[in-house]
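Inspection log for the structure reproduced underneath, given as C-alpha cells.
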Amino acid sequence: MTSETASKDCLGWAARDPSGVLSPYSFNRRAVGSDDVSITITHCGVCYADVIWTRNKHGDSKYPLVPGHEIVGIVKEVGHNVSRFKVGDHVGVGTYVNSCRDCKYCNDGLEVHCARSVYTFNAIDADGTITKGGYSSYIVVHERYCYKIANDYPLALAAPLLCAGITVYTPMMRHKMNQPGKSVGVIGLGGLGHMAVKFGKAFGLNVTVLSTSTSKKEEALSLLGADKFVVSSDLEQMKALGKSLDFIIDTASGDHPFDAYMSLLKVAGVYVLVGFPSEVKFSPASLNIGAKTVSGSVTGGTKDTQEMLEYCAAHKIYPQIETIPIENVNEALERLIKRDVKYRFVIDIQNSLK
C-alpha cells in the first residue's frame, strides 16, 4: 500500500469505465462540517440506477464512479450545529445529498424537485467535488438530507426504502391512494412494484398485480398479500378487469402498451408512471373518455421520506431482500438486468467491505 493510498480513509467499490465492472477503490470524503453528519454505512441497496450510471447509459458518467443511493448506517460524528442526530443513531441517506435550500420546493420539503438538487453519486456538489455513493465504508452529508430510522427497524431492510420505497409512497400519498376499500393495480413486481403492493395492503386497498407472466403469481398472492393476480397478456383476464380500478401505479421500465392498462381504470381514475420506458404512447380516447389522469413521479422530498420511514416502522412494512457481500456486487448487477432478484439486493457493507 502506498502512502497516498493509506491516506485515503474511505474504502469503496467503483466502476472505472463503461464496462461497469466494480472493484475496490480508496478515496477521501470531505471533513465533517458544522451542519454535517458522518455515517458508518452498514448496508446499501442495489438500484437499477447503479447499472445505468456505472455503464454510462446516459453518457454523463464520471469515473471512477462509486454508486449506491439506498444508504443506511450509524452516526459516528456530528458537526457542532447538528441538532437532529447524535452519535449512535440509526439513519438513512437517499437519492440526493444537497439542494439550494431556498427555493419554493426546498421550503416545502420537496428538495427532489429543486433545480440545484445534487444526486448522491455521479453529481457535482456545491464545492465542485463529484459525489460518491453508498458502495463505501462511510459518507458525510448535511443533516437536512439524513433521515432517522427507528432503532427496532432492521437496517438491512430499511435500505430499499430510501429509493424503491419512497418512489412509490410519494405518488400514492399525493393521489390519495390511502383510502381503504379502493382498488389499485400494480404493473411490474420488482423492487418498486413489491413495495407498492405492501403499501397498498397497509392502506387498506384491494390490490391487483398486473404481470406479463404467471411466474410471480404465487408470491404476489401468498408472500406479498395481493388480492388478485392478472396476466396482462391474457385478453380475457384483462377484459374482466375493465373499468374496475381507482388507481394504477406503473413501475415497469421496459416498453409496454398503455391503452390496455388505461382501460382498467374507472371514471376519474389515476394512472401514475414511476418507471422509465423509452416512450409513453396511448390513444387520446384512453385518457379523455372517462376523464382519467396520467401522472409521473420520482422519489420524494425530505418531509415525505421521513414520514414514509416512520410509517413503515409503525406498520411493520418490510421489503423483501436478498443480502449479498460486496464481492458479489458485479454478479448482482448482472442478475438485476435479468430481473433475477426477489425483490431487492442489499449489500452487507459492514461485514464484507474490508
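Data for the structure
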{"quantity": "Dimensionless Rg over Rh [region 129-271; C-alpha; Kirkwood]", "calculated": "1.04"}
{"quantity": "Sum of side-chain charges, Asp102 neighbourhood, beta-carbon under 13 Å (Lys, Arg +1; Asp, Glu -1)", "calculated": "+2"}
{"quantity": "Per-peptide average of other Cβ atoms within 10 Å, ordering 274-283, 221-230, 243-252, 165-174 highest first", "calculated": "165-174, 243-252, 221-230, 274-283"}
{"quantity": "Taking region 99-204 and dividing mean pair separation by its residue count, relative contact order in percent (alpha carbons under 8 Å, at least six apart)", "calculated": "14"}
{"quantity": "Whole-number accessible area per residue in Å² for the chain, which is evaluated in the context of all protein chains at 1.4 Å", "calculated": "44"}
{"quantity": "Computed over region 92-199, Kirkwood Rh from alpha-carbon pairs, angstrom", "calculated": "15.7"}
{"quantity": "Cα gyration tensor category, rounded, prolate or oblate, for region 109-157 with a/c compared to 1.5", "calculated": "oblate"}
{"quantity": "C-alpha long axis of helix 164-174 to longest principal axis of the chain, angle in °", "calculated": "50"}
{"quantity": "Helix 302-315 axis, angle to the chain major axis (alpha carbon atoms, nearest 10°)", "calculated": "70"}
{"quantity": "Fraction of accessible area attributable to carbon and sulfur, the chain (%, probe 1.4 Å)", "calculated": "52"}
{"quantity": "Mean separation of Cα contacts under 8 Å (6+ apart) over length of the chain, as relative contact order %", "calculated": "18"}
{"quantity": "Pairs beyond 27 Å (Cα-Cα), from Lys303/Lys342; Lys216/Lys239; Lys228/Lys338", "calculated": "Lys303/Lys342"}
{"quantity": "Principal axis dimensions, largest first and in whole angstrom, of region 1-148 by Cα", "calculated": "40, 34, 26"}
{"quantity": "Tail beyond 35 Å, pair distance distribution of the chain (Cα, percent)", "calculated": "23"}
{"quantity": "Centroid-to-centroid separation of region 191-252 and region 272-337 [C-alpha atoms, Å]", "calculated": "14"}
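The values are calculated or read from the model by the stated rules, or taken from the named source; none is laboratory data. Nothing here was measured: the structure is a model prediction, and the numbers come from that model. With ideal geometry, Cβ positions are generated from the backbone for all residues, glycine too; neighbour counts draw on all protein chains shown. Accessible surface areas use protein heavy atoms only, side chains included; no ligands, DNA or RNA. Shrake-Rupley method; radii C 1.70, N 1.55, O 1.52, S 1.80 Å.
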